[in-house]
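Please treat every number below as a calculation from the coordinates, not as lab data. Since the structure is predicted, the reported quantities are computational estimates derived from the model, not experimental observations. Ideal geometry is used to build each Cβ from the backbone, glycine not excepted, and the neighbour counts take in all protein chains shown.
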Amino acid sequence: MPVITLPDGSTKEFNQPVSPYEVARSIGERLAAQSVGARINGELCDLNTPIERNATVSIITTRPRDEQQRADLLMLMRHSAAHVMAEAIQRIVPGAHLVYGPPLATGFYYDIAFPPDRPLSTADFEAIEAEIRKIQQEDRRFTRYEMRVGEGLAKLREEGNKYKLDNAERAIETGSERLSWYATGEPGKNWEDLCRGPHVPSTAHTGVIKIMSLASAYWHGDENSDRLTRVYGTAFPTQQDLDAYLNQLEEARQRDHRVIGKRLGLFHIDEMVGQGLILWTPKGSVIRNELQNFISHELRRQGYHQVYTPQIGKLDLYRTSGHFPYYKDSQFTPIVDREALDALAHEGCSCADLSNRLEKGEADGYLLRPMNCPHHIRLFDSQPHSYRDLPVRLAEFGTVYRWEQSGELNGMTRVRCFTQDDAHLFVTEDQLAAELQGCLELVKIIFKTLEMSDYRVRVGLRDPDSSKYVGEPAKWDKAEAACRDAAKSLGVPFSEEPGEAAFYGPKIDFVVKDVIGREWQLGTVQVDYNLPERFDLSYIGPDNRPHRPVMIHRAPFGSMERFIGVLIEHFAGAFPLWLSPEQVRILPISEKSNDYAREIASKLRADGLRASIDDSDERIQAKIKIASEEKIPYLGVVGPRDAEARTVSIRAHGVQKDLGALPLDEFASLLLDEYQSKGERSLRRQMAPTGATA
RNA sequence: GCCACCGUAGCUCAGUGGUAGAGCACACCCUUGGUAAGGGUGAGGUCAUGGGUUCAAGUCCCAUCGGUGGCUCCA
């Protein structure tokens, strides 16, 4: 006799097992008609899952009441939409083998193995979507049936889809005692798919489905395994929901740093220079310089020493550090000097030989540096150190070079040459905790100054099953504990992720999302017991004996390129005053005021502001429009009235109106205050106290 | 690197085998206008590059280069 507890706390008793659908019907026919699934004791289930014991039941309908219900609805709908799409695809390409089709936060995908002679193309989308609509109109019920493990495996073997067989075996490994299928309609007669569910009641409940894109994916994510075609789609309850989503995607695209970077002329990537190599325009360079000055200032306060080291070093250096053997495939090829190369050529050494010898250390060369740490380590080690010297903190805006795979390159966020705001701290065991915290503090200062709050913190630990890490487990344990403790002291939630450590040590990463939802690691702080070992670093302790220092690698911005890429998206190109390439533009109403405008602009420039003037013969409306599109923070409009009164009429970016006039000197000093304070939009606030905003 | 798609004027894009287009930007002229685009004229393209098919290629095929979305990788 199950007693069903509903979300409002009320209960209903039934004298036989019931389904959520029947529970819904007992409440009202309309509810039942809108129902698509349920949470039974918190678990997402089919609408007709039998409930035999007392349970709490929450009905999921097409009219969600809260975020959780909406998420559940979308999950059910999209998971089911993936089936409908797969059925449609198999109607069009009968030889396609299904692999795996999960729902996602923004839609769903289905990995499918297509016959080599019939790959899927975007040209097929229209036909597939037409089939999808047919299947939806057929309104067939999602029908679940189960089999015992042995029986089920036999069925799958007979069907000859190795992928599904593999899915089943994996399910069994994780403890499933039965295998389940969902037919869209009648089992044995209609289309079906091995699937744990749950699903909506019928194909008519799968919402508005749109196929989004094609991609390739490796089976089990293993690049040596089969290459599958991943078909991405999405589904929403209504056309309006879908349109809103597509609209949102388009808006995100307009915020994309690659789009804004081009439109505002912040950086340039040139085919002739090379893939993944950023050319910083004068405007982009202003932003980078401001950020570097900002961080340099913080570093001086925290007792860092700035150093310069070369972009290149001997291969042996990176053999010692481990970078060369470990990351050989993602570095630029070593540079072998001319004499050595001539000699090798003379003895008939082939390219393969050379590569082999370089790898074995039988030939030497230079490497464009993939990391700055080896240089800093050698600099540290060039002098004997007493414990009294420590911590030694060496900082450098160090440019590094990495051969990223061409398919990975992405605007400023994934490049082949980038500059880290890098530093290496050489500390005693006792100093480690405090120094780690100091590093995290720095990252926090940066994120706060730039009003970036939407980030997550990841503590990257080693994967105990992997052999890719160097060093003794005991040291790893110590280092991981230090990272965990430091992260705790940060006061924000963090996740511990095994397998995310660097090869030489664990790390604390700050991860942000770009406009299309991809995650990028920015700031990072890493504890390293291993490189000091490899380079045999030491300092003399109070006991007059040598001790091994611990190293901290840290880069609060991460890479200047990536950080600024993300920053462009964060501000949608409308930078705060201190970062704006052009801070203020003076707009004369007509040619008659050009002289006064020039006078103002040169005064502002003399005060240290980045000021320009628009003395084109456009009308003032056009000048404002143009400046607004260029996202200039402040505009000074001047006409004869202002010239007479020695004032400037002010506009702020994102504020749709004239903020009134200020005397020239006052305007300049307010701008300077705002510039120096970084981030406070004080002038705008002062001029528009009613809270006019973007 | 892999799969799919894309590459036409500085930018955004139209152009399905038969004489290369539009808007914006740019140059010049008119306009001297007080808060989100005044008007006119003009210049600008070996249609990414190289091959091929064809009487004829921006358009079809192949290769290369570059980009986009994913996958894999990311010190």
**Item:** Extended-chain gain in nm, criterion 0.36 nm per residue less alpha-carbon gap, A:N247 and A:R65
**Value:** 63.1 nm
**Prompt:** When ranked by the protection proxy of mean other Cβ atoms within 10 Å per residue, highest first, what sequence do the peptides A:128-137, A:613-622 form?
**Reply:** A:128-137, A:613-622
**Request:** Give me the distance between the Cα centres of the range A:70-117 and the range A:308-362, rounded to whole Å.
**Result:** 47
**Prompt:** Assigning unit charges at the beta carbon (Lys, Arg +1; Asp, Glu -1) and nothing else, what dipole magnitude in debye, to the nearest 20, does chain A show about its Cα centre?
**Reply:** 1160
**Complete:** Low-density loop trypsin sites (Lys or Arg not before Pro), the range A:1-94, at most 15 other Cβ within 10 Å, DSSP non-H/G/I/E/B, are A:R53, A:R65
**Request:** With r as the distance between the Cβ atoms of A:N356 and A:Q306 and R0 = 60 Å, compute the FRET efficiency 1/(1 + (r/R0)^6) and round to 0.05.
**Result:** 0.90
**Message:** Report the per residue volume, in Å³, of the convex hull enclosing the C-alpha atoms of the range A:525-593.
**Reply:** 178
**Asked** Which distance in nm do the two modelled labels at A:S330 and A:E408 give, with both placed 7 Å along the Cα-to-Cβ direction?
**Response** 0.3
**Request:** Could I get the Rg over Rh figure for the range A:337-417? Both from C-alpha atoms, Rh via Kirkwood, rounded to two places.
**Result:** 1.13
**Prompt:** Given the Cα-Cα distance of A:H297 and A:C349 and 0.36 nm per residue of separation, how much length would full extension add, in nm?
**Reply:** 13.6 nm
**Two-decimal log10 I(q)/I(0) for the range A:297-375, as the Debye equation yields it once each C-alpha is a single scatterer, q = 0.11, 0.19 Å⁻¹** = -0.37, -0.81
**Asked** What is the helix-to-structure angle for A:282-301, meaning the angle in degrees between its Cα long axis and the longest Cα principal axis of chain A, kept from 0 to 90 and rounded to the nearest 10?
**Response** 80
**Item:** Calculated log₁₀ intensity ratio I(q)/I(0) where the Debye formula runs over C-alpha points of the range A:586-629, q = 0.18, 0.25, 0.26 Å⁻¹
**Value:** -0.50, -0.84, -0.88
**Item:** Rg/Rg_ref, the range A:605-694, where Rg_ref = 2.2 N^0.38 Å and atoms are Cα
**Value:** 1.05
**Asked** Using alpha carbons only, how many degrees (0 to 90, rounded to 10) separate the axis of helix A:239-255 from the longest principal axis of chain A?
**Response** 20
**Asked** What is the antiparallel percent of DSSP beta bridges lying wholly in chain A, to the nearest 5?
**Response** 85
**Complete:** Here FRET efficiency (C-beta to C-beta, A:E138 to A:Q254, R₀ 45 Å, nearest 0.05) is 0.70
**Message:** Highest mean first, how do A:246-257, A:392-403 rank when packing is the count of other Cβ atoms within 10 Å averaged over residues?
**Reply:** A:392-403, A:246-257
**Prompt:** If r is the Cβ-Cβ distance from A:R641 to A:E680 and R0 is 22 Å, what FRET efficiency results, to the nearest 0.05?
**Reply:** 0.15
**Asked** Taking θ as phi - 60°, what are the ³J(HN,Hα) couplings along the range A:105-111 by the Karplus curve (6.51, -1.76, 1.60), each to the nearest whole Hz, with x for Gly and Pro?
**Response** 4, 10, x, 6, 9, 9, 7
**Asked** With contacts defined as alpha carbon pairs under 8 Å and 6 or more residues apart, what's the relative contact order of chain A in percent?
**Response** 8
**Fill in**
Computed over the range A:450-584, the convex hull of the Cα set has an average projected area, in nm², of 11.3
**Request:** Quickly rank A:79-90, A:350-361 as a protection proxy: mean count of other C-beta atoms within 10 Å, highest first.
**Result:** A:79-90, A:350-361
**Request:** Can you bin the range A:197-267 into rounded, prolate or oblate? Criterion: square roots of the alpha carbon gyration tensor eigenvalues sorted a ≥ b ≥ c, rounded for a/c under 1.5, prolate for a/b above b/c, oblate for the rest.
**Result:** oblate
**Request:** Would you work out if the range A:351-392 is rounded, prolate or oblate? Take a ≥ b ≥ c from the square roots of the eigenvalues of the alpha-carbon gyration tensor; rounded if a/c is under 1.5, else prolate when a/b is larger than b/c, oblate otherwise.
**Result:** prolate
**Prompt:** Taking only C-alpha pairs under 8 Å that are 6+ residues apart, what is the relative contact order of the range A:64-115 in percent?
**Reply:** 32
**Prompt:** How far is helix A:67-92 tilted off the main Cα axis of chain A, in degrees rounded to 10, range 0 to 90?
**Reply:** 70
**Label-point separation, A:D226 to A:V492 (7 Å along Cα→Cβ), nm** = 4.3
**Request:** Return the ratio Rg/(2.2 N^0.38 Å) for the range A:51-166, where Rg is computed over Cα atoms only.
**Result:** 1.27
**Message:** Of A:G411, A:M212, A:V36, which is farthest towards the positive pole of chain A's charge dipole, taken about the Cα centre with +1 and -1 on the beta-carbons of Lys, Arg and Asp, Glu respectively?
**Reply:** A:V36
**Prompt:** log₁₀ I(q)/I(0) of chain A at q = 0.07, 0.08 Å⁻¹, via Debye over equal Cα point scatterers, no solvent, to two decimals?
**Reply:** -0.70, -0.88
**Message:** With an 8 Å Cα cut-off and a minimum separation of 6 or more residues, compute the relative contact order for the range A:291-412 in percent.
**Reply:** 41
**Item:** Centroid-to-centroid separation of the range A:496-517 and the range A:628-657 [C-alpha atoms, Å]
**Value:** 44
**Request:** Could you state, as a whole-number percent, how many of the C-alpha pairs of the range A:395-437 are farther apart than 17 Å?
**Result:** 52
